[in-house]
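Comments concern the structure below.
Please treat every number below as a calculation from the coordinates, not as lab data. Fair warning: this is a prediction, and the values are worked out from it, not measured in the lab. No Cβ is skipped: glycine too gets one built from the backbone with ideal geometry, and neighbour counts run over all protein chains shown.
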Amino acid sequence: MNITIEEYHNELTSFLSFLDTEKKKCFGIQMNQDADDCVDFAPFLRHTINNLGDPFLGKGGHLQTFKYERKLVGIMANLLHLNPMEAWGYYTSGSSISNLQAIHLAVEKLGSNVTLVTSKDAHNSICKAGSITRVKAFKEIETTGNGELCADALRDFLQTTEKNQRFIFCFCSGTVSKGAYDPVKTLIKIIQECGIRSENYYLHLDAALGGMITPFLSNPSLHLDFSIPEVDSLSVSFHKRLGIPVPGSLFLIRKSSFNFASSTPFVEDYRSLDTTIAGSRDGITPFITLMKLRKLGFKELVSRTQKAIEKATWLAKELRQLGITTIHNDHSPCVYFEAPSEAIIKEYHLPLYEQKDGSRFTHIFTMEHVSIEGLKCFLESAGFRTEVLKRIS
Ligand SMILES: *Cc1c(COP(=O)(O)O)cnc(C)c1O
């Protein structure tokens, strides 16, 4: 396993140069690679910072950033229309864990004799969380062509179920493949019309992407957050929109939605209720996230959000003009379209979605590091023009 000090430095240099080159072409998967300013935090790598346990109850006794983590909970609660006094939450290693935390609490509250209901386009972590927590049943509802949960299909399903059954609903603000926003208010109306009483369901909003978009829309028509009183909890990721070096997410819950005191054991090791899934947690990333969020500020995030969406709107228009089948949801930085060649998929780090009918699709998220120049290069090298000409002739 040993290497010489020279080999060590060579590996560091060559891997860094690989990353510097490749990141300019990371167009797929919702991640903002604009994290250059985070070198400010390099000196903190000299310390092992571990946010062990609950940030509100934990006593520490070791190096931690609970104070900053709590501040982040407060700021995000505010942005997502939850009174910080009514909010509990903590920083996780990604929205998969935030989603697991939500479903874990829902099962603690309602029992495992529940049906977990989500959409066909939901993130894989939802189904996995249902399996880890052993929910009795799992139901994926059809989506519409643009990727949002189909309201009629939800009504059809709920009408076939027993009235007193219990449900965990997981809806999405910004789906993984198409960046779609589920029509949450309409869906709640359907739940109520189908006679499901509020004590018989838990509602989690997976806003891994949308939670850092909807608060910054210049025309805030899309309130997919705690302004909807039925939303119990929410996940929001930071590596997707903010630009931070380590993936991270916040799990946020209305305090009134769960009684921790009655069902959570106390851990003597770190003198805290055992509210978090992980024991040891990353302490540096919540600090980086908070400081970067505050440095950018609200106005800058509004402007960045607008630019990202404008680039997506531009790209969708270009693709459609080339005759490429394209889906672009309003308020979304995601453009979903017919996939180019395997080589281009690989070069631009794009995912591949293969449909049952054999058609192939991919997506681009127009985050900060994806420039219009870069997109023009992509369109050129993707050879869409020649594809279209071939099809016509
Ligand atoms: C990315 C994403 C997740 C999972 O987040 P990770 O940080 O990758 O664990 C969950 N849901 C949605 C909608 C996502 O976009």
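On a full-extension model of 0.36 nm per residue, what is the gain between Asp34 and Lys128, subtracting their alpha-carbon distance, rounded to one decimal in nm? The partial results should precede the final answer.
Working: separation 94, 0.36 × 94 = 33.84 nm, distance 3.03 nm.
Result: 30.8 nm gained on full extension.
Specify whether the C-alpha gyration tensor of the chain places it in the rounded, prolate or oblate class, a ≥ b ≥ c being the square roots of the eigenvalues: rounded for a/c under 1.5, otherwise prolate if a/b is larger than b/c and oblate if not. Present the calculation step by step, with values, prior to reporting the outcome.
Working: a/c = 1.84, a/b = 1.12, b/c = 1.64.
Because a/c hits 1.5 or more and a/b fails to exceed b/c, the chain counts as oblate.
Nearest 20 debye, what's the magnitude of the dipole of the chain about its Cα centre given +1 on Lys and Arg Cβ and -1 on Asp and Glu Cβ? Let's see the in-between values first.
Numbers: 43 positive and 44 negative charges, 132 e Å.
Dipole size: approximately 640 debye.
Just flag the GluC sites (Glu not before Pro) in the stretch 213-306 sitting in loop per DSSP whose Cβ has no more than 10 other Cβ atoms within 10 Å.
In loop regions of the stretch 213-306 (DSSP not H, G, I, E or B), the sparsely surrounded GluC sites (Glu not before Pro) are Glu268.
Quick one: what are the phi-derived ³J(HN,Hα) couplings along the stretch 136-149, Karplus 6.51/-1.76/1.60 with θ = phi - 60°, whole Hz, x for glycine and proline?
After applying 6.51 cos²θ - 1.76 cosθ + 1.60, I find 5, 9, 9, 10, 9, 8, 4, 10, 7, x, 8, x, 8, 4 Hz.
Checking understanding here: applying a Kyte-Doolittle mean of at least 0.0 and a length along the axis of at least 15 Å (C-alpha), which whole DSSP H helices in the chain pass?
For the chain, where a helix must reach 15 Å along its axis and average at least 0.0, the hits are 66-79, 95-110.
Looking at the stretch 150-225, which trypsin sites (Lys or Arg not before Pro) are in a loop (DSSP not H, G, I, E or B) and have at most 12 other Cβ atoms within 10 Å? Mind dumping the intermediate values first?
Working: sites: Arg155, Lys163, Arg166, Lys178, Lys185, Lys189, Arg197; in loops: Lys163, Lys178, Arg197.
Passing both the DSSP loop test and the Cβ count: Lys163, Arg197.
Enumerate the amide H contacts of Cys172 below 5 Å, restricted to partners 5 or more residues apart or on another chain; note that Pro and chain-start residues carry no placed amide H.
Asp182, Asp206
What does the highest-first list of 1-12, 95-106, 132-143 look like by mean Cβ count within 10 Å?
95-106, 132-143, 1-12
Taking +1 at the Cβ of each Lys and Arg and -1 at the Cβ of each Asp and Glu, which of Gln159, Ala87, Thr65 sits farthest along the dipole of the stretch 49-170 towards its positive end, judged by Cα position relative to the Cα centre?
Farthest towards the positive end: Thr65.
So for His81, His47, His123, fewest C-beta neighbours within 10 Å to most, what's the order?
Listed from fewest to most nearby Cβ atoms, that is His47, His81, His123.
With the Cα gyration tensor of the stretch 35-154 giving a ≥ b ≥ c as the square roots of its eigenvalues, does the rule (a/c under 1.5 for rounded; else a/b larger than b/c for prolate; else oblate) give rounded, prolate or oblate? Numbers along the way, then the final one.
Values: a/c = 2.19, a/b = 1.79, b/c = 1.23.
Taking the square roots of the gyration eigenvalues as a ≥ b ≥ c, the stretch 35-154 is prolate.
Taking the Cα centroid of the stretch 153-207 and of the stretch 331-351, what is the distance between the two, rounded to the nearest whole Å?
Their Cα centres are 30 Å away from one another.
Let me have the 222 nm mean residue ellipticity of the chain computed from DSSP H runs of 4+ only, each contributing -39500 (n - 2.57), with the sum over all residues rounded to the nearest 500.
Result for the chain: -11500 deg cm²/dmol, rounded to the nearest 500.
Just subtract the alpha-carbon distance of Thr48 and Ser218 from 0.36 nm times their residue separation and send over the number in nm, one decimal.
57.2 nm
When only C-alpha pairs under 8 Å and at least 6 residues apart count, what is the relative contact order of the chain, in percent?
23
Measure off 7 Å from each Cα along the Cα-to-Cβ vector at Asn200 and Arg320, then give the distance between these two points in nanometres to one decimal.
Output for this residue pair reads 4.3 nm.
Just to confirm the filter: which trypsin sites (Lys or Arg not before Pro) across the stretch 306-376 are DSSP coil and have at most 12 other Cβ within 10 angstrom of their Cβ?
Listed in order of number, the matching sites are Lys356.
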